[in-house]
1. For LYS59, list the lysines whose Cα falls under 29 Å from its own Cα; do not include residues on the same chain fewer than 8 positions away.
2. What distance in nm separates the simple spin-label points at ARG103 and THR35, each placed 7 Å from Cα in the Cβ direction?
3. Give me, ordered by chain and number, the residues 5 or more places off ARG68 or on other chains with an amide H under 5 Å from its own placed amide H.
4. For the range 220-229, in order, what is each residue's ³J(HN,Hα) by Karplus, 6.51 cos²θ - 1.76 cosθ + 1.60 with θ = phi - 60°, in whole Hz (x at glycine and Pro)?
5. Using a 7 Å offset from the Cα along the Cα-to-Cβ direction at both ASP25 and SER115, what is the distance between the two label points in nm, to one decimal?
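Bear in mind that the values in this text are calculations on the coordinates, not laboratory data. Everything numeric in this text was worked out from a predicted model, so none of it was measured. No Cβ is skipped: glycine too gets one built from the backbone with ideal geometry, and neighbour counts run over all protein chains shown.
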Amino acid sequence: MPSRRHSIANDLRDRITTARLKPGDRLPSEAQLATQYQVSTATLRSALAMLQGEGLVEKIHGKGNFVRHSLRRITYAGGGSTQAPQAAPDATLRITVRTTKVRARGDLTALLQVSTGCPLTEFHCVSYEAKSPHSLARIYVPRDLAPAAVLNEPCPYVGAEARFVALRPTSADVRETVSARLPTPEEASTLRISTVLAVLAITRVTADITGRVVEAALLVLPGDRADAVFTTHHVTDEGWTER
């Protein structure tokens, strides 16, 4: 016999898949749903967490739970060929960027090969499809390399990507580390996903031709909509070949 949380999740899932609840619809409050199903708030939230993990429901802080619009998959092209998660160009894709002055601490000192307290510029980037968050990136650049003009407003995804590419010096080396893990509470809140949904975490470190690290990027892609593709280049007697 299914548990109460599974029964609730099954009922809500059926209402979503049969379009009785449509994308963008706000669910009744958690208190109302708990009363409706005659369960505790904890049990109700556990049922909603299952639907969040399936990508059917998203929780917007301060507003409630909503039926999620179907989101396209993200493809991260590694190997230094692109600089950010990519999706098919569309006018509905946009990115918000918050620029902050910070000091190097903890792992950032090792990634950027700088001393503790070194001044950095942080670009906190969230991409959106319509009103739903799609991916998260935190990009750190030594402050003497960051441009005087910063991004602090929403703009089209492609336009923001071009501006980030333009601020980077010519790179000679890109090192990427990929892992699957659970999101932090802050990441889950930003991306409106369940804390039990695995994310693809990519750490990308870019160095210029002198070997100086010019950028460290921490990318977080929800596991229910992300793929990573890496292309390896090999040197042969005939020159460069690609696989």
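1. Within the straight-line limit of under 29 Å, LYS59 reaches these lysines: LYS22, LYS131.
2. Using points 7 Å along Cα→Cβ, the separation is 5.1 nm.
3. Amide H neighbours of ARG68, under 5 Å, 5+ apart: GLY24, VAL57, GLU58.
4. Each residue of the range 220-229 in turn: 10, 10, x, x, 7, 8, 10, 10, 10, 10 Hz.
5. Inter-label distance under the simple model: 6.1 nm.
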